[in-house]
Structures are given as structure tokens and as C-alpha cells.
Amino acid sequence: MKIGLVCPYDIFRSGGVQEHVLAQAAELRRRGHNVKIITPKPRKHSGSVPVDIIFIGNSTKVNMAVGTSLELGINLKRDALDDILQTEEFDLLHVHEPEIPLLGAQIIAKATCPIVATFHAMQSDAPMGRTLTALRVPYGRNIYNKLNVVTAVSDVAAEFVREHITQKVHIIPNGIDLKKYSVHNTHNSQLTTHNSILFIGRLEKRKGTKYLLKSFAKLQIKYPDIELVIAGDGPERQMLEDYATKHDIKHIKFLGFIDESKKLELLASSTVFCSPALFGESFGIVLLEAMAMGTPVVAGNNPGYAIVLTGLGSDSLVDPTDTAKFAAKLATLMYDETARRKWQQWAADNIKQYSYDVVVDQYEKLYETL
């Protein structure tokens with residue numbers, strides 16, 4: 001098949017949707033499909049365009065109501081879009097986040113081939129922010145009735161759209177490249193020490209990082225040599241650094257933005273991965289990464305994370321605002337070897353269902369029905 005994957009965000013910028021689209025494209029190509037990614041041209045892009053990527057319009061930085069910024073495709077030329085669709089003659093288009101203005105909606109309106117849509121974000125964390133949630137219904141009406149197949153990465157992500165469409169919503173989770181992580185998994189080697197906690201994510205309110213600092217301060221009373229590594233940037237970074245200084249919380253490293261190789265290095269060498277997100281998570285790719293690396297997780301008890309951390313893994317879910325319980329759970333997974341090994345075995349068994357070959361199998365079966 002000739003398949004067009006539509007990504008409304010800057011494809012070169014780190015993000016869960018971008019990673020999903022790139023990995024999905026690679027797996028589909030491995031199976032013999034002709035795949036191209038349609039995406040806005042990044043604001044600062046210069047040089048040649050990769051052969052399997054089609055730029056349409058330009059991306060614009062938009063600040064969200066929840067403290068997040070995104071680069072979205074805003075400036076689209078309709079004639080250019082017509083030319084792309086006529087030239088490429090796709091057998092099928094797969095549009096990720098179709099409600100994100102404006103790329104997905106314009107492609108859906110003009111396409112004559114079958115359309116698959118995937119919804120990634122939950123209602124309270126819709127990328128246009130909670131203040132624009134009321135606009136989703138009138139905006140979406142022009143989209144929903146042209147979708148041949150609807151998928152979502154979780155029941156949480158499907159919750160809103162189910163209220164406004166008649167089609168069945170197929171749940172196909174986000175995936176992960178297990179080979180990449182298994183190569184770097186060193187948790188049975190001497191690299192791992194029992195004194196390091198790792199956070200990776202955007203430093204914004206919904207991620208709950210301030211509660212991690214408070215829990216870490218409690219933990220340091222009993223374990224003064226432990227270290228907290230915070231990788232990522234965002235609007236709360238200065239506040240968090242000031243808080244640590246004011247309350248004399250030692251052994252914290254703020255690394256700022258890190259690249260993929262550094263992320264793998266940190267996951268491999270950290271004792272525990274912590275993601276104390278309060279809300280706004282529809283799934284939890286970052287949890288999959290830690291699971292694939294064999295790094296025990298302590299996470300916020302939000303609905304999106306509960307989808308990933310099931311069974312024994314659900315013991316890792318704690319209310320981040322209860323800093324005493326959060327600190328206790330961190331201590332358990334750092335220093336209780338029996339608990340660590342049980343968690344790692346659970347992760348090794350459960351991560352297999354998220355391998356990209358399993359995920360793309362599900363997409364491919366839906367494609368064949370069209």
C-alpha cells in the first residue's frame with residue numbers, strides 16, 4: 001500500500017506523537033509498504049528534506065493553557081495540498097491527532113482515499129488547552145464524518161471522541177522499540193547504584209515535579225547520599241531550582257534538555273525512574289521506556305498511567321501530593337531487592353505487548369479492511 005502518515009507537530013522535535021509516527025513509518029516500510037510522512041515545515045528548518053517526508057505549510061509555536069508549548073501547522077496553502085494529494089495518490093491516509101489545527105482537518109476535507117484517525121490526547125489535556133475544549137465539537141463535526149476508522153491510544157484518550165462519533169473506537173496503544181532499549185539495559189550490571197532517582201519530562205505544573213522535590217527532601221533524612229537527576233526544561237525550572245536552594249535540598253542535578261543517547265544512558269544507570277504527573281496523561285510512553293530498560297518506576301496515580309501500570313505494576317502508582325507515601329514507595333523500589341526484582345520481572349513480561357511490531361500488526365489489519 002501507499003500510505004500517508006499525517007503528523008500535525010514538528011516531526012523533528014521530541015514528543016510522543018512524533019516518535020510514534022516515525023517508528024510506525026519505519027515498521028510499515030520494513031513490511032514493504034510505501035510510506036510518506038506529511039508534516040508542517042519546522043520554523044527553523046534549513047537544508048534538504050528527507051526523501052520520505054513531505055513538508056506542507058509552516059509550523060507556528062503556540063503556548064497552551066496548561067503551560068505547554070507546541071509547534072503546529074498553521075500556515076497551509078490549499079493549492080499545495082491539492083498538488084500533494086494528486087501527485088502521491090495515496091491508497092490510505094492515517095491522520096494522527098486530527099483535531100489539531102489545521103493540517104489534519106484540511107487533509108481530511110480534501111482526501112478521496114480512506115482515512116484512519118488516531119487520537120492521542122485526553123480531554124483535559126487536549127493540545128489546544130482546556131480553555132478550548134468547548135470548540136472541539138463544532139470543529140470536529142467536519143472531521144468525524146469523514147473518518148473510515150477511528151483509533152485511540154487508550155480508553156482515556158478515546159473518552160471524549162466516543163461522545164461525538166458513531167464509529168467504533170479501536171484501542172491501539174503507543175509502542176516502543178524494544179531492541180533499542182534491550183541493548184542498553186544494564187540493570188543486571190554494576191552500572192546501577194542504589195542512590196539515584198531520575199525524572200525526565202517537561203517542567204510544568206501538571207508533571208508534579210515540585211512534589212517530587214518535597215518527597216526527595218523527606219527521603220534524604222534517612223538516606224543522605226541519594227541523588228535526584230532532573231532532565232528536561234520548561235516554565236517551572238527556575239521555580240524548582242529556587243525551591244531546592246531555599247529548602248537546602250542537596251544532591252539535585254538539573255540537566256535541562258537531553259538528547260536520546262543521554263536519556264538511554266540515564267535510564268540505564270538510575271536506580272528508580274519517577275514520573276509524578278498529576279493529570280493530563282492519556283497513556284505514558286515514558287513509563288514504557290523505563291519498563292523496557294528494567295528501571296523500576298514510581299509514578300503519579302493519574303488515569304493515563306494506570307493504563308500502563310497494571311497488575312503488580314499498579315503498586316507503583318502513588319498520589320504525588322502525599323509526599324510521605326511517595327517517599328516511602330521510592331525507598332522500597334530503591335532498596336528492597338525482592339521488590340525490585342519482582343517489579344523488573346513484571347515489566348519484562350508486560351512490555352512485550354507494546355513492541356512496535358505488535359502495535360503495527362493491529363494497524364495493518366485495520367488498513368486491510370479498507
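The values are calculated or read from the model by the stated rules, or taken from the named source; none is laboratory data. These figures come from a predicted structure and were not determined experimentally. All Cβ positions, even for glycine, are placed from backbone atoms using ideal geometry, and neighbour counts span all protein chains on display.
Just one of the numbered conditions (1) assigned to a loop (DSSP other than H, G, I, E, B); (2) modelled with pLDDT of 95 or more is not true of A231; which one?
Result: A231 passes all but (1).
Any residue in the stretch 354-365 that is closer than 13 Å to V297 by Cβ and modelled with pLDDT of 95 or more?
no
Go through the stretch 154-164 and count every residue that is in contact with a strand residue (DSSP E or B) (Cβ under 9 Å, 6 or more places away or on another chain) and buried (at least 17 other Cβ atoms within 10 Å of the Cβ).
At the first step, the residues of the stretch 154-164 found to be in contact with a strand residue (DSSP E or B) (Cβ under 9 Å, 6 or more places away or on another chain) are 154-155, 157-162.
From what's left, buried (at least 17 other Cβ atoms within 10 Å of the Cβ): 154, 157-161.
Of the residues in that region, 6 qualify.
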